[in-house]
1. Is at least one residue of segment 48-59 touching a residue at least 24 places away in the same chain (Cβ under 8 Å), closer than 19 Å to Gly353 by Cβ and more than 21 Å from the chain's Cα centre (by Cα)?
2. For segment 234-296, list the strands (runs of 3 or more DSSP E) that sit wholly inside it and hold at least 3 residues that are touching a helix residue (DSSP H, G or I) at 6+ places or on another chain (Cβ under 8 Å) and modelled with pLDDT of 95 or more; which are they?
3. Can you pull out every residue in segment 299-330 that is charged (D, E, K, R), touching a residue at least 40 places away in the same chain (Cβ under 8 Å) and closer than 22 Å to Thr390 by Cβ?
4. Inside segment 107-134, can you point out the residues that are surrounded by 15 or more Cβ atoms within 10 Å (Cβ to Cβ) and farther than 24 Å from Thr60 by Cα?
5. Could you grab me the full set of residues in segment 243-256 that are without any contact (Cβ under 8 Å) to a residue 24 or more places away in the chain, surrounded by 12 or more Cβ atoms within 10 Å (Cβ to Cβ) and in contact with a Ser or Thr (Cβ under 9 Å, 6 or more places away or on another chain)?
6. Test each condition in (1) buried (at least 18 other Cβ atoms within 10 Å of the Cβ); (2) charged (D, E, K, R); (3) farther than 18 Å from Tyr216 by Cβ for Asp294 and report the one that comes out false.
7. For segment 336-345, check the following and say yes or no: at least one residue is in contact (Cβ under 8 Å) with a residue 24 or more places away in the chain, in a strand (DSSP E or B) and surrounded by 17 or more Cβ atoms within 10 Å (Cβ to Cβ).
8. Kindly check whether there is at least one residue in segment 205-215 that is over 24 Å from Ile262 (Cα atoms), crowded, with 22+ Cβ neighbours inside 10 Å and among the β-branched types (Val, Ile, Thr).
Amino acid sequence: MTLLLATVLMASATEAEDRKITLTWVPGSTVKVEQMIGDCDYTAQAKTGQCVPTTSRTATRARVVGTDLGASFESRGELIFLFGDTIGPAEDYLASDTMASSTTTDPSSGLFLNVFTTSDGGPYFIRIPGVRMGAAEVPHAGIELNGVTYVAVNSGVDINLPDPNANAYSALTRYDKVQRRFTMLRRISSRPDGRFITTALRQSGNDVYVFGLGAYRASDVYLAAVPASTFASGEGTRYFAGLVNGQPGWSSSESAAVPVLIDNPRKTPAYTPSIGNVSVIFSNELDLWLMTYDSNGGQSQSHAGFYFAYASEPWGPWSEPQLIFNARRDGALGSFIHDPRVVPNPPGDGLNGPTIGPNDPATTPGAPYAPYMIERFTRVSGDRLSIHYTLSTWNPYTIVEMRSDFTIGRGSPRRRAVKR
């Protein structure tokens, strides 16, 4: 009986492996869907000299000319977006951060944003008592649990220090949608050793999984699990400490956390991780966790950009990351990301601003960052997966929505003889 059971289990495991889903990026499938922020599409304007209105016309409707990031989460039927440092048509917003909601469910119909505004028609800014929200101090993740909305933010950044993020920390806040009020709850993680300074949040079962990054643009991806019932206090937080015989090990100490995903795309013996932003969602149709993140590709232009990985469990093992967006390979430079090497400049590529702060619109290179997936826009059709995500361009200072496609490979179970 023992031999029979072992043989059956082995056959079942082998057949499960045969049925394992693989996702393979389709070369050439990564495209800009639309510009999310501003009144006029900058690419069209550069080509034609005419204003082609964006779906949301945020400058006219909310006095938001530019912003970045755009992590999103579901809240009572609405999609909530969290934006970073924001600029207006004339006012100096002092790097304040904004929010928006959307009820759009079909990505092909255009993503319509309702930027949160105040009574004077200007943008509503994120203000948290006891938490400074200045330059580069931004919201980066949100989640709703049992009718309560939580938003995680960064603070402690000082742009005057040699390392502006040396004293950075992440904070968990509660957001009251009716009163438009934030309440500080707890610190999540702090530099210099914190590994959850930037996070992505996703509930599964009784836990909230927290995917974390440590030093900005110098981190691998870490994982923690917090009971949803004690998320506000953080009581019972467990940090992923590695796989043992395929099963996750956990520790109550953040210092014991080990990466679930390592940023080493070139597979060099000595590497320096460079992830600055991470996004994680779950596909119910595929029963897979999906991750996107940005990386400098090991200081390689041809390897820099946005990466994608997937796993059947939040602790992995995660698939080999695939480069799904590279600014030059995928035709973004000079099209919707400013390339000052296009001369004479001006006019150059026509993408000269707007910019934030004192940056020169003509000479400041654009750069892609913050690929935050929009979970409700994920589509599975036949053997094709499509994901939609934000891309911050730096110059022009805006956000565009992107799409990338993947071929879904499904193994077919083979007949096997079972000894009895």
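1. Within segment 48-59 (the criterion being touching a residue at least 24 places away in the same chain (Cβ under 8 Å), closer than 19 Å to Gly353 by Cβ and more than 21 Å from the chain's Cα centre (by Cα)), the answer is yes, since at least one residue qualifies.
2. none
3. Asp330
4. Ile128, Val131, Met133, Gly134
5. Quick first cut of segment 243-256, residues without any contact (Cβ under 8 Å) to a residue 24 or more places away in the chain only: 244-247, 249, 251-253, 256.
Those still in the list that are surrounded by 12 or more Cβ atoms within 10 Å (Cβ to Cβ) too: 249, 251, 256.
If the condition is that a residue be without any contact (Cβ under 8 Å) to a residue 24 or more places away in the chain, surrounded by 12 or more Cβ atoms within 10 Å (Cβ to Cβ) and in contact with a Ser or Thr (Cβ under 9 Å, 6 or more places away or on another chain), then no residue fits.
6. (3) is the only condition that Asp294 fails.
7. yes
8. No: zero hits.
The values are calculated or read from the model by the stated rules, or taken from the named source; none is laboratory data. Keep in mind the model is a prediction, meaning the values are calculated, not measured. Here Cβ is always computed from backbone atoms with ideal geometry, including for glycine, and neighbour counts include all displayed protein chains.
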